[in-house]
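S.K.: Can you read through this structure? Questions will come right after.
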There are 6 protein chains.
Amino acid sequence: MRLSTRNQLAGTVTAINVGSVMTTVKVDVSGQEVTAAVTKEAVEELGLTVGSKVVALVKSTEVMLGVED
Amino acid sequence: MRLSTRNQLAGTVTAINVGSVMTTVKVDVSGQEVTAAVTKEAVEELGLTVGSKVVALVKSTEVMLGVED
Amino acid sequence: MRLSTRNQLAGTVTAINVGSVMTTVKVDVSGQEVTAAVTKEAVEELGLTVGSKVVALVKSTEVMLGVED
Amino acid sequence: MRLSTRNQLAGTVTAINVGSVMTTVKVDVSGQEVTAAVTKEAVEELGLTVGSKVVALVKSTEVMLGVED
Amino acid sequence: MRLSTRNQLAGTVTAINVGSVMTTVKVDVSGQEVTAAVTKEAVEELGLTVGSKVVALVKSTEVMLGVED
Amino acid sequence: MRLSTRNQLAGTVTAINVGSVMTTVKVDVSGQEVTAAVTKEAVEELGLTVGSKVVALVKSTEVMLGVED
């Protein structure tokens with residue numbers, strides 16, 4: 001499926017922290033760590049484990065910008 | 001300011017597309033392109049130009065995951 | 001690509017309102033209208049026109065619930 | 001209350017999965033399943049149970065679009 | 001309509017900046033300024049003008065926290 | 001760090017509800033209550049406790065508007 005989502009960052013799962021309903025998944029993206037908070041259901045459905053190849057997807061309207069002082 | 005925001009990706013602005021109210025900003029993050037859609041007002045206030053060093057900030061609950069078929 | 005995104009609603013584009021940077025796209029989903037605000041760039045890249053078959057994707061953390069009084 | 005929220009999808013709760021802080025609620029919307037991840041507090045306050053009539057609310061900037069290959 | 005949305009901040013519109021598709025609306029909330037970026041369509045539909053009494057609605061999963069250094 | 005985030009609301013933590021992965025934090029902002037749902041990890045990292053001075057940060061595209069009937 002092609003997506004309108006502008007940000008599609010390829011990476012590898014490095015950690016999964018399973019919660020009662022939500023789960024955080026850490027992804028190494030070119031040496032920078034990206035954290036996704038998705039439903040536990042989704043993680044199970046996608047069969048994610050440490051080492052899984054994933055794409056971290058972020059809609060552009062969800063990206064803020066900071067400038068160091 | 002230290003932030004709860006899990007995703008703080010350092011990069012460099014590569015393009016700015018100014019709209020009437022919103023503006024898209026492209027950022028090179030370790031070789032991958034991140035697009036932010038923020039208000040025109042914010043871009044002006046931060047004084048962003050191509051080449052500006054920025055941090056792309058994304059709350060973990062805004063990150064989805066995809067697995068290629 | 002299989003997605004963590006819980007909400008994947010199949011529908012047909014019924015209207016496209018192109019802005020300077022953002023664009024709204026109306027989608028008929030089983031008789032209910034869904035509006036997406038995405039970047040103009042994305043709409044062009046996906047080649048969307050009225051009548052296009054699309055999937056409206058919404059992360060579960062972005063869905064609120066209301067109860068009529 | 002009238003809302004700026006473009007997407008207001010009427011439906012019926014089909015499942016509720018209560019977590020420690022978050023809760024997922026499945027809603028049947030014209031035959032398609034919508035999942036909301038909201039706070040446990042909100043579900044209790046709204047008194048939601050399976051069979052409750054609800055409106056699934058999604059801001060247009062949170063809707064992405066996909067096109068099947 | 002009662003909402004799952006945890007944040008419902010009463011205020012008064014102080015400025016409206018109309019764009020081609022999106023519009024920013026500034027709201028005075030107990031002396032602090034809140035900015036909403038919503039569709040132009042929504043602003044027209046709600047009949048908002050400077051001085052309008054509104055409620056600024058934010059899902060809890062969209063709120064980040066910062067701590068000054 | 002200066003931020004593109006339009007909404008930066010100063011307040012004081014009044015309650016913290018720790019979950020397995022997510023945590024809700026209540027903040028008093030000029031007499032109005034703001035609830036943030038952030039990761040448990042972030043709350044620990046920021047060392048938040050009841051009484052902590054924080055800034056509640058919300059991107060403008062995440063703010064909806066309601067008008068009472």
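The values are calculated or read from the model by the stated rules, or taken from the named source; none is laboratory data. Just so it is clear, the model here is predicted, and its values are computed rather than measured. So basically every Cβ, Gly included, is an ideal-geometry build from the backbone, and we count neighbours across all protein chains shown.
S.K.: (1) under 25 Å from residue B:55 (Cβ atoms); (2) at pLDDT below 95: which one isn't true of residue A:14, the others all being true?
M.R.: So residue A:14 meets the others, but not (2).
S.K.: Looking at segment C:30-51, which of its residues are buried (at least 18 other Cβ atoms within 10 Å of the Cβ) and modelled with pLDDT of 95 or more?
M.R.: Correct list: C:34, C:35, C:36, C:37, C:38, C:39, C:40, C:41, C:42, C:43, C:46, C:48.
S.K.: With the condition kept exactly as written, say whether any residue in segment E:25-35 is under 30 Å from residue F:44 (Cα atoms) and among the acidic types (Asp, Glu).
M.R.: yes
S.K.: Follow-up. Go through segment F:1-24 and count every residue that is farther than 24 Å from residue B:47 by Cβ and small (Gly, Ala, Ser).
M.R.: Residues meeting the conditions: 4.
S.K.: Kindly establish whether residue B:62 is more than 14 Å from chain E (Cβ to nearest Cβ), more than 20 Å from residue F:1 (Cα to Cα) and among the acidic types (Asp, Glu).
M.R.: no
S.K.: Give segment E:37-69 a look and list any residue that's in contact (Cβ under 8 Å) with a residue 40 or more places away in the chain and either touching a His at 6+ places or on another chain (Cβ under 8 Å) or among the basic types (Lys, Arg) (or both), or say none.
M.R.: If the condition is that a residue be in contact (Cβ under 8 Å) with a residue 40 or more places away in the chain and either touching a His at 6+ places or on another chain (Cβ under 8 Å) or among the basic types (Lys, Arg) (or both), then E:53, E:59 are the ones that fit.
S.K.: Does residue F:9 count as surrounded by 16 or more Cβ atoms within 10 Å (Cβ to Cβ) and more than 29 Å from residue D:18 (Cβ to Cβ)?
M.R.: It is true that residue F:9 is surrounded by 16 or more Cβ atoms within 10 Å (Cβ to Cβ) and more than 29 Å from residue D:18 (Cβ to Cβ).
For every residue, the table says whether it meets (1) of a type outside the set (Asp, Glu); (2) in a loop (DSSP other than H, G, I, E, B); (3) more than 7 Å from every other protein chain (Cβ to nearest Cβ); (4) under 13 Å from the mean Cα position of the chain (by Cα).
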site: B:11; (1), (2), (3), (4): yes, no, yes, yes
site: B:38; (1), (2), (3), (4): yes, no, no, yes
site: B:50; (1), (2), (3), (4): yes, yes, yes, yes
site: B:55; (1), (2), (3), (4): yes, no, no, yes
site: B:69; (1), (2), (3), (4): no, yes, no, no
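S.K.: Does at least one position in segment B:40-52 carry a residue that is in contact with a helix residue (DSSP H, G or I) (Cβ under 7 Å, 6 or more places away or on another chain) and of a type in the set (A, V, I, L, M)?
M.R.: Checked segment B:40-52: no residue is in contact with a helix residue (DSSP H, G or I) (Cβ under 7 Å, 6 or more places away or on another chain) and of a type in the set (A, V, I, L, M).
S.K.: Okay, next question. Which of the residues that make up segment D:15-36 are of a type outside the set (D, E, K, R), away from chain A (no Cβ under 14 Å) and assigned to a strand (DSSP E or B)?
M.R.: Hits for segment D:15-36 are D:27, D:29, D:32.
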